[in-house]
Amino acid sequence: MKILAFGASSSRQSINKALASYTANLVAGAEITVLDLNDFDMPIFSEDIEKSAGVPVQAQAFVDAIAQTDVIVVSFAEHNGSYSAAYKNIFDWASRIEKAVYQNKPIAVLSTSPGPGGASSVLAQAVNSMPFFKGRVIGSLSVPSFYDVMIDGEIANASIKQALLDIVAKF
């Protein structure tokens, strides 16, 4: 099984990338690819730029990465109650290539933050919008207080770890 994991954040120390990677690695024997959104640096989406320069090659690379996987694990950072600008820009460009951005792939949708909200606002947005872009949400989880939950690279909270195991069991 091929799993594509990424944090929907441009932070070099992304806790969402760490959560997505951790979750993907719960699947024994899986071939895991972890994307870094910083590898998809593109101009801010604009129809004017698209008309003059076309769709950036990085957007095609993102679409191709999804095409080449069986399952997606994504964890969303919350910026002012919504998607990070980095993720939204990549998504907007990718949707110009393939409106069905998620290509009917099963997706584990996660979110986390340092605080008690666990980025639950953006998680709700993602879960609600993914079906419109052919994402099959197989499970979702908001993980609050990341630095209290993830200790030495391991989820220390038994109920959260079990919830993640229950989600990946659906793969």
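The values are calculated or read from the model by the stated rules, or taken from the named source; none is laboratory data. Given the structure is predicted, the values throughout are model-derived calculations rather than measurements. Positions of Cβ are generated from backbone atoms using ideal geometry, with glycine treated the same way; all protein chains shown enter the neighbour counts.
Touching a Lys or Arg at 6+ places or on another chain (Cβ under 7 Å) and of a type outside the set (Lys, Arg), is that true of ILE151?
Criteria not met by ILE151.
Under the condition of being crowded, with 24+ Cβ neighbours inside 10 Å and assigned to a helix (DSSP H, G or I), which residue from the range 1-22 is farthest from the chain's Cα centre (by Cα)?
LEU19
Does PHE76 satisfy the criteria of being touching a Ser or Thr at 6+ places or on another chain (Cβ under 8 Å), surrounded by fewer than 17 Cβ atoms within 10 Å (Cβ to Cβ) and either modelled with pLDDT of 95 or more or closer than 17 Å to SER11 by Cβ (or both)?
no
Taking the residues in the range 101-123 that are out of contact with any helix residue (DSSP H, G or I) (no Cβ under 6 Å at 6 or more places or on another chain) and of a type in the set (Gly, Ala, Ser) as candidates, determine which candidate is nearest to VAL143 (Cα to Cα).
GLY118
Mind checking whether some residue in the range 130-140 is on the phi > 0 side of the Ramachandran plot and hydrophobic (A, V, I, L, M, F, W, C)?
no
Only residues in the range 10-22 that are more than 12 Å from SER113 (Cβ to Cβ) count as the first member; pair them with residues that are of a type in the set (S, T, N, Q) and surrounded by fewer than 21 Cβ atoms within 10 Å (Cβ to Cβ), Cβ under 6 angstrom, at least 6 apart or cross-chain, and list the lot.
Close Cβ pairs (under 6 Å, with a partner that is of a type in the set (S, T, N, Q) and surrounded by fewer than 21 Cβ atoms within 10 Å (Cβ to Cβ)) amount to SER10/ASN38.
Scanning the range 121-148 for residues that are without any contact (Cβ under 8 Å) to a residue 24 or more places away in the chain and of a type outside the set (Phe, Trp, Tyr), which turns out nearest to ALA67 (Cα to Cα)?
PRO131
May I ask you to list the residues in the range 23-39 that are out of contact with any Phe, Trp or Tyr (no Cβ under 7 Å at 6 or more places or on another chain) and outside any helix (DSSP H, G or I)?
ASN25, LEU26, ALA28, GLY29, ALA30, GLU31, ILE32, THR33, ASP36
Kindly provide the set of residues from the range 96-118 that are free of Cβ contacts under 8 Å to residues at least 60 places away in the same chain and among the aliphatic types (A, V, I, L, M), ordered by number.
ILE97, ALA100, VAL101, ILE107, VAL109 - these are the residues of the range 96-118 that are free of Cβ contacts under 8 Å to residues at least 60 places away in the same chain and among the aliphatic types (A, V, I, L, M).
Among the residues of the range 42-99 satisfying the criterion of being of a type outside the set (S, T, N, Q) and assigned to a strand (DSSP E or B), which is nearest to ALA124 (Cα to Cα)?
Once the filter is applied, the top-ranked residue is PHE76.
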